[in-house]
Amino acid sequence: MAKQKTIITCAITGAIHTPTMSDALPYTPNDIAHQAMDAAEAGASILHLHTRNPQTGAVSIDPEDFAPFLPRIKQATNAVVNISTGGSLKTSIEDRIAPAQRFSPEMCSLNMGSMNFSFHPLAKRYDDWKFDWEKEYVENSDTYIFRNTFRDIGTVAEALGGKHDVKFEHECYDVGHLYNLKFCMDTGMFKAPVFIQFIFGILGGIGPEVDNLVFMKRTADRLFGDDYRWSVLGAGAAQMPMATTASQMGGNVRVGLEDSLFISRGKLASSNAQQVTKIKRIVEDLGCEVATPDEAREILELKGGDRVNF
């Protein structure tokens, strides 16, 4: 069997990092649009998108904050748009899925279990903050519980999978999340092939060690057989090493300023596109081919960009 091409996902801005942490982190609609378009040009087939308050850079899940840049990205690229359903750690699942319900993208992220989700150690790295909200938001993340109950997961599946034919990026932060997904598949909630994002290095989830990647992959093989496709996200300094290893194991990769602000140890990335360019070069230098957006659609069995609402 010919080796399947490697899909590169780029997560453009996320909900963890704040404007103080990097001047490259986009938060205005114009910057999000440009960085997404540049990432697609650099080789990303899938664009994983959050939005921000355009005045303060704070986390937003308001559909109106997505509206200015989604049509621009669609018009300028052929990339698959993936809208996050995990965009806020402090709001209901109904609010978190509102943007996806309005815009009906080809893909959405879907977190497969509740967990502690913290990044409070980052607060100690900065003395001065660009915006008043940032320090408290980061410091208080040690109190956050990222809620994704079975009922929440079912709500997303019904609202987006059934009604909008969305394919999910099933985000699994630990091995138990794989078993949650297996239970949901056994009850008919999701149809094969599912797309699993193994996530390593978030405080509250599994650590970014290759042994853990092998363990997660073996577990998924046992649970899902040929009924899944997979990708790896390594947070922070683990981004490039974990992605490189995943590509050599036959997996897909995710990079972007949501997951890491750096391009190499101690050096901030200048853009999302710089990270995409780096991982594409690594993947190709090691003998793999990078998938185009249409090839990613075929691999993941997506509904197509002509069926979105933006």
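Scan the stretch 1-28 residue by residue and report those that are outside any loop (DSSP other than H, G, I, E, B), closer than 28 Å to Arg125 by Cβ and not aliphatic (A, V, I, L, M). Listed by number, the residues that qualify are Thr9, Cys10, Pro19, Thr20. Here is the figure for the stretch 120-132: residues that are in contact (Cβ under 8 Å) with a residue 60 or more places away in the chain and buried (at least 16 other Cβ atoms within 10 Å of the Cβ) total 3. Can you give me the number of residues within the stretch 5-61 that are buried (at least 19 other Cβ atoms within 10 Å of the Cβ), of a type in the set (S, T, N, Q) and either at pLDDT below 95 or over 25 Å from Lys267 (Cβ atoms) (or both)? Here the count works out to 3. The set of residues in the stretch 50-63 being in contact with a strand residue (DSSP E or B) (Cβ under 9 Å, 6 or more places away or on another chain) and free of Cβ contacts under 8 Å to residues at least 40 places away in the same chain consists of Arg52, Asn53, Pro54, Ser60, Ile61, Asp62. Would you check if Tyr137 is surrounded by 15 or more Cβ atoms within 10 Å (Cβ to Cβ) and at pLDDT below 95? Taking the combined requirement at face value, the residue does not satisfy it. Of the numbered criteria (1) out of contact with any His (no Cβ under 9 Å at 6 or more places or on another chain); (2) within 19 Å of Lys303 (Cβ to Cβ); (3) modelled with pLDDT of 95 or more; (4) assigned to a helix (DSSP H, G or I), the one Phe183 fails is (2). In the stretch 247-269, of all residues being among the charged types (D, E, K, R) and surrounded by 14 or more Cβ atoms within 10 Å (Cβ to Cβ), the one that is nearest to Gly201 (Cα to Cα) corresponds to Asp259. When the stretch 82-118 is filtered for residues that are buried (at least 24 other Cβ atoms within 10 Å of the Cβ), of a type in the set (Val, Ile, Thr) and outside any loop (DSSP other than H, G, I, E, B), only Ile83 remains.
Of all residues in the stretch 97-119, exactly one satisfies the criterion of being over 23 Å from Ala79 (Cβ atoms) and free of Cβ contacts under 8 Å to residues at least 40 places away in the same chain, namely Ser114.
The values are calculated or read from the model by the stated rules, or taken from the named source; none is laboratory data. The structure presented is a predicted model; accordingly, all values stated were derived computationally and were not measured. Backbone-built Cβ (ideal geometry, glycine too); neighbour counts: all protein chains shown.
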